[in-house]
Amino acid sequence: MDKFFKITERGSSVKTEIIAGLTTFFAMAYIIVVNPNQIAFVSGSKIWNAVYIASILAAIIGTLLYAFYAKLPFAQACGMGLNSFFGVTFILPNLLNPQAAIDGYRAGLVIILISGLIFLILSLTGAREALAKAMPECIKKSIPAGIGLFIAFIGFQNVGIITNNDYTLVQFVGLNINSVKWIDVAPAVIALLGFMIIVVLTKLNVKGAMLISIFATSVIYYLTTWQLPSLDMQNLSQSFKDFGEIGITAVFDPESWKNAFSPEFTGGIFSAIMLVVTFCIVDMFDTVGTLYGAASEANMLDENGDPINIDKAMTCDSVATVAGAVCGTSTCTTFVECASGVAAGGRTGLTSLVTSVCFAICLFLAPFASIIPAAATAPALIYVGVLMLKNFSKVDMTDLRSAVPAFLTLIMMPLTYSIANGIGIGAISYVLITLFTGNYKKKDIAVTIIALLFLCKFIFGTI
């Protein structure tokens, strides 16, 4: 095992890898339930049940690829944002007609399959890797920090530390004891406590600080809110049945391919092509961003500042998207939450193997994933944000040609709720500044292509 995964070579241990794998799983386990909610809207429907099983299978397949092929401590699952776009585009317009909703769902899976196959071709030919490596140094260095802010923002939102405000868009949770109930603010307060537990234990050099915090905070949450975790197993058999009937069979049905290019479900051939392009662009740069961020945190960058085994990582991502489409779910991508496992010490594919085993357990013991509350996993995400922000210090802020694209990449990730948007806006600004200051060179052609792709996405796409 040590020789296969290169555990000792990468300065890790089996115990550390197992802890890291568990940390990654608990940080991203929410996707098992959230993904079908985002896609199907109606819990317990045929589509919801099919996507539920497909989500777990896609995570297992994608993460196992990282474990045994790329041998990296990363994990994959259905991408947030892309899943919402999938549901709103293909299912929501037909929600009042169950059969039409199923037809729209199956047509959408064909679009995902096509985008995944395009990914696979680009990955095998090295085109995706070339585009990733062509990004300017200032953007490469700001990506991890931007992802750190994004992850922390997700953590703050998941437990209500940051809430909606009609005037300022966001605000800090209200804690006034005269106007709020404990049960409403408990997740926020307990998450802040869990964050401090991680910080203190880490400062004291306690191994497995994040995992200890996750379990300790879970206990505190249930004790202080007088709640018990739900373990309803009744609908599991129906989920497998619906998965077999409408999920895994969809992309092999000629009717699904016909609907994928019909005006009724996608708006016609041109709209279908633009949908494929949109899914491709967002997934490509979400993955690129996550890889650079997590690899930087793990000190797994080569001499050029690029992630090691980036070609294999790209292939893992594209194969997972194809597998996800075949199973019956939206685009799979490298999950940003895997940075929590990296921060816990994960350095090899064994971390990914442990994470995938946890997902496999959930396939037959589904409620297991919901036992850990958001109040216990949010602290890990916030702490990872702290760790990853240090990468921004490597950016040359004395040169505006470097500082402005880096800043825009950093700030636009959390503000637009998209890693891809941050990279795109950063790339566009870099090209414009370089072009109009007379510094444009042949090597900037690749980043110009990236900028043009994002311009098309912003103008013609919807996410």
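Among the candidates Y383, Y417, the residue that is in contact with a Phe, Trp or Tyr (Cβ under 8 Å, 6 or more places away or on another chain), buried (at least 23 other Cβ atoms within 10 Å of the Cβ) and not aliphatic (A, V, I, L, M) is uniquely Y383. Does at least one position in region 378-391 carry a residue that is under 30 Å from G126 (Cβ atoms) and within 15 Å of the chain's Cα centre (by Cα)? Scanning region 378-391, I find no residue that is under 30 Å from G126 (Cβ atoms) and within 15 Å of the chain's Cα centre (by Cα), so the answer is no. Counting only helices (runs of 4 or more DSSP H) wholly contained in region 362-463, the ones carrying 3 or more residues that are closer than 19 Å to C338 by Cβ occupy 374-389, 419-436. When restricted to residues that are in a helix (DSSP H, G or I), more than 15 Å from P144 (Cβ to Cβ) and either of a type outside the set (A, V, I, L, M) or at pLDDT 85 or above (or both), region 281-314 contains 5. Under the condition of being outside any loop (DSSP other than H, G, I, E, B) and among the hydroxyl-bearing types (S, T, Y), which residue from region 106-143 is surrounded by the fewest Cβ atoms within 10 Å (Cβ to Cβ)? My answer is S123. Scanning region 114-137 for residues that are of a type in the set (S, T, Y) and under 22 Å from the mean Cα position of the chain (by Cα) gives S115, S123. The number of residues in region 87-97 being at pLDDT 90 or above and either surrounded by fewer than 23 Cβ atoms within 10 Å (Cβ to Cβ) or farther than 17 Å from T278 by Cβ (or both) comes to 1. Of the listed requirements (1) buried (at least 19 other Cβ atoms within 10 Å of the Cβ); (2) closer than 30 Å to K46 by Cα, F364 misses just one: (1). Restricting attention to region 158-180, the residues that are β-branched (V, I, T) and closer than 17 Å to P414 by Cα add up to 6.
When F279, F252 are checked against the criterion of being under 19 Å from G324 (Cβ atoms), among the hydrophobic types (A, V, I, L, M, F, W, C), in the same structural domain as I53 (by TED's automatic domain parsing) and surrounded by fewer than 17 Cβ atoms within 10 Å (Cβ to Cβ), F252 stands alone in meeting it.
Determine whether T23 is in contact with a helix residue (DSSP H, G or I) (Cβ under 6 Å, 6 or more places away or on another chain), polar (S, T, N, Q) and outside any helix (DSSP H, G or I). No: the conditions fail for T23.
Listed here are the residues, each with its yes/no results for (1) more than 21 Å from the chain's Cα centre (by Cα); (2) closer than 21 Å to V354 by Cβ.
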{"position": "F4", "(1), (2)": "yes, yes"}
{"position": "F25", "(1), (2)": "no, yes"}
{"position": "I31", "(1), (2)": "no, yes"}
{"position": "N37", "(1), (2)": "no, no"}
{"position": "Y52", "(1), (2)": "no, no"}
{"position": "I56", "(1), (2)": "no, yes"}
{"position": "A67", "(1), (2)": "no, yes"}
{"position": "A77", "(1), (2)": "no, yes"}
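Listed conditions (1) outside any loop (DSSP other than H, G, I, E, B); (2) at pLDDT 90 or above are all met by S84, apart from (2).
Say whether the condition of being assigned to a loop (DSSP other than H, G, I, E, B), of a type in the set (S, T, Y) and surrounded by fewer than 24 Cβ atoms within 10 Å (Cβ to Cβ) is met by at least one residue in region 35-54. There is at least one residue in region 35-54 that is assigned to a loop (DSSP other than H, G, I, E, B), of a type in the set (S, T, Y) and surrounded by fewer than 24 Cβ atoms within 10 Å (Cβ to Cβ). Of the residues examined, F261 is not one that is among the aromatic types (F, W, Y), assigned by TED's automatic domain parsing to the domain that holds P73 and within 30 Å of A67 (Cβ to Cβ). Of everything listed in (1) more than 15 Å from I143 (Cα to Cα); (2) assigned to a helix (DSSP H, G or I); (3) modelled with pLDDT under 85, the single unmet condition for E245 is (3). Can you report the number of residues in region 194-211 which are surrounded by 16 or more Cβ atoms within 10 Å (Cβ to Cβ) and either in a loop (DSSP other than H, G, I, E, B) or at pLDDT below 90 (or both)? Number satisfying all stated conditions: 5. Of all residues in region 347-361, one or more are part of a loop (DSSP other than H, G, I, E, B) and crowded, with 24+ Cβ neighbours inside 10 Å.
Y221 meets the conditions (1) outside the structural domain of L109 (by TED's automatic domain parsing); (2) without any contact (Cβ under 8 Å) to a residue 24 or more places away in the chain in every case but one. The failed one is (2).
Which residue pairs have Cβ atoms under 8 Å apart, sit 6 or more places apart or on different chains, and have a first residue in region 4-28 that is modelled with pLDDT of 95 or more and a second that is aromatic (F, W, Y)? Listed by first residue and then by second, the contacts come to E17/F5.
Exactly one of these conditions fails for F270: (1) within 26 Å of the chain's Cα centre (by Cα); (2) of a type outside the set (G, A, S); (3) closer than 30 Å to D103 by Cβ. Give me its number. Of (1) within 26 Å of the chain's Cα centre (by Cα); (2) of a type outside the set (G, A, S); (3) closer than 30 Å to D103 by Cβ, only one is false for F270: (1).
The values are calculated or read from the model by the stated rules, or taken from the named source; none is laboratory data. What you see is a predicted model, and the numbers here were worked out from it, not measured in a lab. Every residue, glycine as well, gets a Cβ built from its backbone with ideal geometry; the counts of neighbours run over all protein chains shown.
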